[in-house]
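Everything below concerns the one structure shown next.
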Amino acid sequence: MTNQYQSAQLQELDALHHLHPFTDHQSLRSGGARVIVRGDGPYLWDSEGTRILDGMSGLWTANLGHSRKELAEAGYRQMLELPFSNTFFRTTHPPVVLLSRKLAELAPDNLNQVFYGSSGSESNDTAIRLIRHYWALKGEPKRRIIISRKNAYHGSTIAAGSMGGMAHMHAHSYPVYEGFRHIMDPYWYGESREGESPEAFGIRAARALEDEILAVGPENVAAFAGEPVQGAGGVKIAPESYWPEVQRIVDKYGILLLADEVITGFGRLGTWFASQYYGIRPNLITFAKAATSGYIPLSGVIVDDKIVDVLMAHADDFNHGYTFSGHPVACAVALKNLEIIEQEKLVPRVKEFTGPALAKMLAKFKDHPLVGEVRSVGLLGAIELVADKRTRRRFADLGRVGLICRDHFFGEGFIMRAVFDTMVTAPPLIWTQDQFDEAEEVIARALDLTLNDVAGELAA
């Protein structure tokens, strides 16, 4: 199909007919979209033949890299055998049964039932409804408030977007749905007080949850929702003191804990789920993206037995679902994806090699004139760009320098994402030392090119 059109034709057709997500369409129309035509392992190629190192796993997604034949074959075989069957009307099929069992094996012990969708947004919408339905069935319908964090990303549907804490998304909701509250995020580099240690800051950030519970009344609070690491918010990694204190507060007030693992699930932190890495006990885990390495859409919510027990105790419908809940092809691909991750020992490899390799590589740039902080956990990393390293002063027009830097990365053949002026990366789990060496060279060039563009704005 690509060969039928030249790049300029594809860009023109794209401008005429395609509305992109999270995009300034005026600027896109004037510059044209980059046309990606092929992927193989850790690399992508555009329509001009340029090879690009994929430092974002597509979109936090392609944990196995691109074009794994086994995943394509698993989908093909399932399409020939049973291309579609819904899971309504008391019906099921083998792939969804086997995948549900597998996910229950991988998840924390108390999570044994799965409700499926096709995107992280859908899964978080499902979790919102499950949480509120659970409390209604328990005779506490006033428990509707779900507390999340500023700069949290839980999806872009109106409900999931309202639960998230991104103000620029709320501005397009007209209005934000009620029933959600947002507390400070555990962002030590950007939010700590002068002289405040990461440990002390982590405790203070966690206790903002207790303050909010008391402010709205514990009898009105249903749950706390949090990403173990705030990915789309800028790879914000909580201090070690944060999550144990959050768990203590959740337990104290008897509210549910929703762990949004759409980004962190399936090995990214060196454990199957980041909840296991941090030792928390969520009542619901939402997942998507890397469940199939992005080869076909699939998402879900893994649910605590105590929530399921309440559902089972009431002889009425849970009036919620999607046409593609538990799609057989998606489930078959997910099963093969998880099988390969296990066979190639990619989860322990993150802990033992790729995670430390990312941390070592990023640490080499901490003294660069533009860099205020580098940080990573597992295969999630960030580089903070600042105008003044000593005071952590940002550049004027927040996000402008991040986009300059991002464009230099793209120009040098490496995909690294800008979140305002934070450069973030989430490499596929299959990276070898060769990819880390290549990335290091590109990061050095991109930072130097950006420095040349903004040198006059740096502190003396």
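Laboratory data are not the source of any read-out in this text; all were calculated from the coordinates shown. From a predicted model like this one, the values you see are computed outputs, not experimental measurements. We place every Cβ from the backbone using ideal geometry, glycine too, and count neighbours over all the protein chains shown.
Based on the Cβ-Cβ distance from ARG393 to GLU199, what FRET efficiency comes out when R0 is 22 Å, to the nearest 0.05?
For ARG393 and GLU199, the calculated efficiency is 0.30.
Fewest Cβ neighbours within 10 Å first, please rank ILE203, ILE131 accordingly.
ILE203, ILE131
As a footprinting exposure proxy, order VAL333, VAL401 by other Cβ within 10 Å, with the fewest listed first. Could the numbers behind the result be given before it?
Numbers: VAL333 30, VAL401 25.
Fewest-to-most Cβ neighbours within 10 Å comes out as VAL401, VAL333.
How far apart, in nanometres, would the label points at ALA167 and LEU458 be if each is projected 7 angstrom from Cα along the Cα-to-Cβ direction?
Simple spin-label model gives 3.0 nm for this pair.
For the stretch 1-58 and the stretch 269-315, what is the separation of their C-alpha centers, rounded to whole Å?
Centre-to-centre (Cα) distance: 33 Å.
Of all GluC sites (Glu not before Pro) in the stretch 208-256, which ones are in loop regions per DSSP and have a Cβ with at most 14 other Cβ atoms within 10 Å?
In loop regions of the stretch 208-256 (DSSP not H, G, I, E or B), the sparsely surrounded GluC sites (Glu not before Pro) are GLU240.
Distance between Cα centroids, the stretch 151-174 to the stretch 208-244: provide it in whole Å.
16 Å
Can you list residues from other chains, or at least 5 along the same chain, whose modelled amide H is less than 5 Å from the amide H of ASN112?
Those qualifying (amide H under 5 Å, at least 5 residues apart or on another chain) are VAL303, ASP305.
Could you pull out which residues in the stretch 285-307 have an amide N less than 17 Å from a spot 7 Å beyond the Cα of HIS320, following the Cα-Cβ vector?
285-288, 299-307
Less than 19 Å from a label point 7 Å out along the Cα-to-Cβ axis of ASN110: which backbone N atoms in the stretch 287-303 qualify, by residue?
What the label zone holds, given the 19 Å backbone N cut-off, is 287, 301-303.
PHE353 to TYR177: extension gain in nm, 0.36 nm per residue of separation minus the Cα-Cα distance?
The span from PHE353 to TYR177 would gain 59.0 nm if fully extended.
Under 10 Å from the Cβ of ILE404, count the other residues' Cβ atoms, weight Lys and Arg +1, Asp and Glu -1, and hand me the total.
Residues close to ILE404 contribute a combined charge of -1.
Which GluC sites (Glu not before Pro) in the stretch 54-128 sit in a loop by DSSP (not H, G, I, E or B) and have at most 11 other Cβ atoms within 10 Å of their own Cβ?
Listed in order of number, the matching sites amount to none.
Near GLY279, within a Cβ-to-Cβ distance under 14 Å, what is the net charge of the other residues, with Lys and Arg +1 and Asp and Glu -1? Show your work: numbers first, answer last.
Details: positive: ARG248, ARG281; negative: ASP109, GLU240, GLU245, ASP251.
It works out to a net charge of -2.
If one computes the Cα centroid of the stretch 95-150 and of the stretch 404-442, what distance in Å separates the two points?
34 Å
Would you calculate, for the chain, the mean residue ellipticity at 222 nm contributed by helices, counting each DSSP H stretch of 4 or more residues as -39,500 (n - 2.57) and dividing by all residues, to the nearest 500?
-12000 deg cm²/dmol
By Kyte-Doolittle mean hydropathy of at least -1.0 and Cα axial length of at least 30 Å, which whole DSSP H helices of the chain are selected?
The answer, listed by residue number, is 433-454.
Would you mind checking the radius of gyration and Dmax of the stretch 70-343 based on alpha-carbon positions, in Å?
18.6, 63
I need TYR174, TYR116 ordered by Cβ neighbour count within 10 Å, fewest first.
Listing TYR174, TYR116 from fewest to most nearby Cβ atoms yields TYR174, TYR116.
What does the charge add up to near TYR5, with Lys and Arg as +1, Asp and Glu as -1, over the other residues with Cβ less than 14 Å from its Cβ?
Around TYR5, the charge tally is -4.
Set the Förster distance to 25 Å, then compute FRET efficiency between PHE89 and LEU137 from the Cβ-Cβ distance, nearest 0.05.
That gives a FRET efficiency of 0.65.
Just list whichever of LYS150/LYS252; LYS236/LYS366; LYS142/LYS236; LYS142/LYS252; LYS69/LYS345; LYS150/LYS389 have alpha carbons separated by over 21 Å in the model shown.
Long pairs (Cα-Cα over 21 Å): LYS150/LYS252; LYS142/LYS236; LYS150/LYS389.
In the stretch 356-451, which trypsin sites (Lys or Arg not before Pro) fall in coil by DSSP and have 11 or fewer other Cβ atoms within 10 Å?
Answer in residue order: ARG390.
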